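Accompanying notes for the structure given below.
The values are calculated or read from the model by the stated rules, or taken from the named source; none is laboratory data. These numbers were taken from a predicted model, which means no experiment stands behind them. Cβ placement follows ideal geometry from the backbone for every residue including glycine, while neighbour counts extend to all protein chains displayed.
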Amino acid sequence: MAGFAQRAPGLAAASDTLTDGTNTLIITKAEIVLREIELNQQEAANCDVEPAGCEDVEFGPVVVDLPLGRGAQQQFSVEIPPGTYRAIEFEIHKVSSDDPATLRQQYPYLVDQSIRVQGTYNGQPFTFLTDLNVEQTLLFNPLLVVTDTTTATNVTILVSLAAWFVGPDHKLRDPATGNKGGVNESMIKENIKQSMEAFEDHDFDGQSDP
């Protein structure tokens with residue numbers, strides 16, 4: 001039902017390798033923790049009348065392994081009741097004691113972290129970690145419509161992954177400088193907040209359906 005794709009606007013991209021003409025960033029793995037993922041229906045005139053039309057679809061937490069190449073990769077599947085959905089909402093949230101023990105045991109390196117990215121910057125290995133906690137609301141345009149006859153639909157969350165590590169001068173930054181206390185921590189966190197959009201994507205090619 002839902003997948004993720006990535007893009008790199010303003011940069012030369014070949015799979016997971018990015019360059020600004022001077023610096024080269026190679027991303028080999030990127031993981032993000034999402035919870036309280038909700039598909040929100042349009043408000044109905046009267047939520048007490050059946051069908052209510054005001055109930056949301058909610059699930060999570062999940063650890064998403066962001067794809068590095070072209071197209072989208074399916075990450076999870078849920079049953080969606082018929083309705084018209086206006087947005088998908090979720091929290092980017094660090095793994096904490098509130099999360100299931102199985103999640104903490106499976107991803108011990110994400111305890112107290114919400115995102116981990118690994119790779120090389122100008123040939124030097126890096127690990128980027130952040131404890132970013134933020135709510136995201138991504139509006140569907142056009143609206144996502146599920147009917148009684150809909151057999152399946154796909155939603156893609158497009159993540160401009162490479163844009164996380166780009167400065168105001170459009171030059172790449174060393175992801176390691178975005179770790180806690182780093183000179184680019186605030187900038188990279190803000191880039192992450194601005195890097196996502198969502199849309200219906202029947203063929204999972206990472207592009208909005210016409």
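If a residue counts only when it is farther than 16 Å from Lys29 by Cα and hydroxyl-bearing (Ser, Thr, Tyr), which strands (runs of 3 or more DSSP E) contained entirely in segment 122-202 have at least 3 such residues?
none
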Only unsatisfied item for Gln113, checking (1) surrounded by 14 or more Cβ atoms within 10 Å (Cβ to Cβ); (2) more than 17 Å from Asp65 (Cα to Cα); (3) touching a residue at least 24 places away in the same chain (Cβ under 8 Å), is (2)
Let me spell it out: the conditions are (1) modelled with pLDDT under 95; (2) aliphatic (A, V, I, L, M); (3) buried (at least 18 other Cβ atoms within 10 Å of the Cβ); (4) in contact with a Lys or Arg (Cβ under 7 Å, 6 or more places away or on another chain), and Leu139 meets all of them except one. Which number is the exception? (3)
Can you tell me which condition Ala87 does not meet? The list is (1) surrounded by fewer than 14 Cβ atoms within 10 Å (Cβ to Cβ); (2) of a type in the set (A, V, I, L, M, F, W, C); (3) at pLDDT 85 or above, and all the others hold. (1)
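Please tell me if Val155 is surrounded by 13 or more Cβ atoms within 10 Å (Cβ to Cβ), of a type in the set (A, V, I, L, M) and in contact (Cβ under 8 Å) with a residue 40 or more places away in the chain.
yes
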Considering segment 13-36, residues that are aliphatic (A, V, I, L, M) and modelled with pLDDT of 85 or more, and then whichever is nearest to Ile192 (Cα to Cα), we arrive at Ile32
Across segment 48-84, what is the number of residues that are at pLDDT 85 or above and more than 29 Å from Ala162 (Cα to Cα)? 1
Segment 146-199: number of residues that are touching a Gly at 6+ places or on another chain (Cβ under 8 Å) and of a type in the set (Val, Ile, Thr): 6
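With respect to Leu110, is the statement that it is among the hydrophobic types (A, V, I, L, M, F, W, C), modelled with pLDDT under 95 and under 20 Å from the mean Cα position of the chain (by Cα) true?
Numbers: among the hydrophobic types (A, V, I, L, M, F, W, C): yes; modelled with pLDDT under 95: no; under 20 Å from the mean Cα position of the chain (by Cα): yes.
Answer is no for this residue.
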Among the residues of segment 96-116, count how many are touching a Leu at 6+ places or on another chain (Cβ under 8 Å), part of a strand (DSSP E or B) and more than 17 Å from Glu36 (Cβ to Cβ). 1
